[in-house]
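Just below is one structure, and these are the notes that go with it.
No lab work stands behind these numbers, since they all come straight from the coordinates. Computed from a predicted model, the values in this text were never measured in an experiment. For neighbour counting, all protein chains shown are included, and Cβ atoms are generated from backbone atoms with ideal geometry for every residue, glycine included.
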């Protein structure tokens, strides 16, 4: 079947299997920034934005996205650069596998909350599991990014 | 998972007709459970264009469309204004935001999952389910309904009332399923106690509720006694997450705490 949606504001039309999930579709079409970790709706590393909301792309059926807007890290380059700067400043960066999904979640957090409390931040990022470089440094980096204009 | 067709229903009637065509056709709500079990099916029926993703209210009740996501539910001002925000609380600890933006309230109820936080969270309130073809059933009746219901869940009706709720999910790690969960409320002066993940699906502790609601005066001792009655009457079992004995102790502690909390 054919599905049409907007990928980083560019209209795309893909031929897909009816039971296919978004992470698989996008990776097949060259969007390798999507990292599938657990592939069972748990780790959050495959997160991207659908209509601005973070969702695990391993668990969203591609066929359900007709006409929707999908944002990957390629679509938020400027903000991703700011996030990565905050992360490197805090030494909060290691292998990088989870960074993409994490960056999109942090980006969405900033848009959804004006001045989130620590609890709200934790609650928002708890669905992104791969945090090998430490919870404190991530928290510091996120807070620094949230302060930026 | 092998799927032959993805079908976007144009109306509830259309969705129902498609469902009747083949026993291997099924409704997708958020699609998470389908992913989890990975079972082959003929057609997946999509309800997302039928406007079932809205929360509305009348004078007496709040109506939650079955396709409302868990995230929209927890963020809804209408939901948060009910019973001291305890309904949203039951949803807030389910996985992460990127999961709750996909999972729907309808999908969380229709499967009658034993681990469900949504069911235990709603059970202490006056909640009924609206189906297509037209049929209405209380949430409690649906939980004990024998077999699979041949209808589509359209909306969840929550009756308004004055009072306070308490929700507790006992778990070992942040993203885990509950070892046991508790939904306790005092609405319009009446106590209700629900316990889920026993590891069986959520159920009301009727004997404990009757005891509390028949007392003319309640104190710490009565809450303690009610918790003991609940631990006695509810079927609690062993599984890999916890033993029956541990669950029994948890019921005694958290039911008492919940009752104290909603009585404040």
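Average 1/r across all pairs of distinct alpha carbons in the range A:76-147, invert it, and you get the Kirkwood radius: 12.0 Å. Partner shielding of B:97-109 amounts to 6, given as the average count of beta-carbon atoms from other chains within 10 Å of each residue beta-carbon. One compactness figure for the range B:79-216 is 1.03, namely its Cα radius of gyration divided by 2.2 N^0.38 Å.
Eigenvalues of the alpha-carbon gyration tensor of chain B, scaled by 5 and square-rooted, set the equivalent ellipsoid semi-axes at 33, 20, 16 angstrom, largest first.
Compared with the dominant principal axis of the Cα atoms in chain A, helix A:99-112 is inclined by about 80°. Based on Cα contacts under 8 Å between residues 6+ apart, chain B shows a relative contact order of 15 percent. Between residue B:245 and residue B:162, the modelled label-to-label distance comes to 4.7 nm, taking each label 7 Å out from Cα in the direction of the beta carbon.
Rounded to the nearest angstrom and listed largest first, the equivalent-ellipsoid semi-axes of the range B:76-115 from its Cα gyration tensor are 19, 13, 10.
Counting only other chain Cβ atoms within 10 Å of each residue's Cβ, the peptide B:65-75 averages 1.
Cα centroid separation, the range A:18-59 to the range B:202-264: 42 Å. Note on the protein assembly as shown: Rg/Rh from Cα positions, Kirkwood definition for Rh, rounded to two decimals, is 0.99. Rounded, prolate or oblate: pick one for the range B:164-235, where a ≥ b ≥ c are the square roots of the eigenvalues of its C-alpha gyration tensor, a/c under 1.5 means rounded, and failing that, prolate if a/b is larger than b/c, else oblate. Here the range B:164-235 falls in the prolate category.
Per residue, the convex hull spanned by the Cα atoms of the range A:2-74 amounts to 77 cubic angstrom. The radius of gyration of the Cα set in the range B:139-264, together with its Dmax, comes out at 15.2, 46 angstrom. In this structure, residue B:216 and residue B:58 have a Cβ-Cβ separation that, at R0 = 35 Å, corresponds to a calculated FRET efficiency of about 0.55. Volume per residue for chain A equals 102 cubic angstrom (convex hull of Cα atoms). Normalising the Debye intensity of the range B:55-159 to I(0), with uniform scatterers on Cα atoms only, and taking log10 at q = 0.16, 0.24, 0.25 Å⁻¹ returns -0.64, -1.50, -1.62.
Relative to the longest principal Cα axis of chain B, at what angle does helix B:244-263 sit, 0 to 90 degrees, rounded to 10? Helix B:244-263 sits roughly 80 degrees off the main axis of chain B. When shorter helices are ignored and each DSSP H run of at least 4 residues is given -39500 (n - 2.57), the per-residue value for chain B at 222 nm works out to -10000 deg cm²/dmol. Per-residue ellipticity at 222 nm computed for chain A from its helices equals -11000 deg cm²/dmol, with DSSP H segments shorter than 4 residues left out and the rest contributing -39,500 (n - 2.57). Ranked by the mean number of other Cβ atoms within 10 Å of their residues, highest first, the peptides B:225-236, A:76-87, B:97-108 fall in the order B:97-108, B:225-236, A:76-87. Other protein chain C-beta atoms within 10 Å of residue C-beta, averaged over A:44-55: 4.
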